[in-house]
Amino acid sequence: MFDALRLLAIVWLGLSIACPVNAADRIKLRIGALDNKADALVAKGGASQGGIDLGDLGLDDEHTSVFLDIDWWATDNWRFNVTYSRFNRSGERDVDFDFEFGDLVVPVQARVNTELDFDLYVVSAAYALINNDRGRLEVGAGLHLLDMEIEIDATTSQGTLLADEVADTLAPLPNLTLNGELNLGERWLLRAKAGWFGFDYEDYSGDLISLSGQVEFAFTEHFGAGVGYQFVDVDVEVDGSRFTEQYNLEFSGPLVYLMASF
């Protein structure tokens, strides 16, 4: 967590030197740290009985990562947003249960090594139904692009490598959004965002719920900081040529960030 905050301080200092002063700012950049608590159930094939809890395979349920968020106001009412965040965990454990994951068959007491890589890209556009000095209310639509990879390998209690198995997918999840901003004075801003969508398209099906809220404080006209909380729940099923892959991922936790507008 502290390494991420030091990185944010360095980036913010660089932005404060590089960003020009412009009374009509159209771009706002946020760089921050997410302290995520994650619950993950995954399955590959029909024998996983509802999914494998990755916490049972030795993965920590908390992780701190850096995120990037960019807002661009094309007009006073139209706002476009791009967000990127990454979640990575790895762990190992001697399991006290047997399970199957694709072609991998893991017996009781096997040593299991697991790695999860999760990248989330969000692109959205929103239109302000209300836009005045007190705040904004927006409706929008966008796309969450989930790039996920899970790798599991297992060895016997005698140290013999059984096999390894990888499940990966690049899942596009369209979503509808409702965004709100409320000015709490010259320097304070309250933000909230909600997104939802369910879909069934070709080999992909699932749903997504995302909720977040932040409070921002402006140090100057162009620089500030914020704190908040976010919740993301993703359920995805992918029909492959041999196996059906299922992902049930839930991320929640506080966030802190620095921001610059120009």
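The values are calculated or read from the model by the stated rules, or taken from the named source; none is laboratory data. Since the model is a prediction, treat every value here as computed from it, not as a measurement. When we count neighbours, we look across all protein chains shown, and the Cβ atoms used for this are built from the backbone with ideal geometry, even at glycine.
Numbers below:
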item: Identity of the residue in the stretch 144-197, polar (S, T, N, Q) and touching a Leu at 6+ places or on another chain (Cβ under 8 Å), that ends up farthest from GLN230 (Cα to Cα); result: THR156
item: Close pairs (8 angstrom Cβ cut-off, 6 or more residues apart or separate chains): more than 26 Å from ASP239 (Cα to Cα) in the stretch 96-112, aromatic (Phe, Trp, Tyr) anywhere; result: VAL108/PHE97
item: Members of the stretch 106-128 found to be of a type in the set (A, V, I, L, M, F, W, C), over 16 Å from GLY140 (Cα atoms) and more than 23 Å from the chain's Cα centre (by Cα), listed by number; result: VAL106, VAL108, ALA110, VAL112
item: Filter pass, ASP200 being in a strand (DSSP E or B), buried (at least 18 other Cβ atoms within 10 Å of the Cβ) and of a type outside the set (Val, Ile, Thr); result: no
item: For ALA43: the one exception among (1) under 20 Å from ASP153 (Cα atoms); (2) touching a Leu at 6+ places or on another chain (Cβ under 7 Å); (3) crowded, with 19+ Cβ neighbours inside 10 Å; result: (2)
item: Members of the stretch 165-181 that are surrounded by 14 or more Cβ atoms within 10 Å (Cβ to Cβ) and either over 14 Å from LEU145 (Cα atoms) or of a type in the set (Asp, Glu) (or both); result: GLU165, VAL166, ALA167, THR177, LEU178, ASN179, GLY180, GLU181
item: Check on PHE262, buried (at least 19 other Cβ atoms within 10 Å of the Cβ), in contact (Cβ under 8 Å) with a residue 60 or more places away in the chain and among the aromatic types (Phe, Trp, Tyr); result: no
item: Yes/no for THR244 being surrounded by fewer than 17 Cβ atoms within 10 Å (Cβ to Cβ), on the phi < 0 side of the Ramachandran plot and without any contact (Cβ under 8 Å) to a residue 12 or more places away in the chain; result: no
item: Selection within the stretch 166-204 - acidic (Asp, Glu) and modelled with pLDDT of 90 or more; result: GLU181
item: Test: residue in the stretch 116-128 that is over 19 Å from ASN36 (Cβ atoms) and charged (D, E, K, R); result: no
item: Residue ID - surrounded by the fewest Cβ atoms within 10 Å (Cβ to Cβ), chosen from residues in the stretch 46-102 that are among the charged types (D, E, K, R) and in a loop (DSSP other than H, G, I, E, B); result: ASP96
item: The stretch 124-140, subset under 16 Å from ILE70 (Cα atoms) and hydrophobic (A, V, I, L, M, F, W, C), residue surrounded by the most Cβ atoms within 10 Å (Cβ to Cβ); result: ALA126
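Condition check ((1) touching a Pro at 6+ places or on another chain (Cβ under 9 Å); (2) at pLDDT below 85) across all residues:
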{"site": "MET1", "(1), (2)": "no, yes"}
{"site": "VAL11", "(1), (2)": "no, yes"}
{"site": "GLY14", "(1), (2)": "no, yes"}
{"site": "CYS19", "(1), (2)": "no, yes"}
{"site": "TYR84", "(1), (2)": "no, no"}
{"site": "GLU92", "(1), (2)": "no, no"}
{"site": "VAL95", "(1), (2)": "yes, no"}
{"site": "VAL106", "(1), (2)": "no, no"}
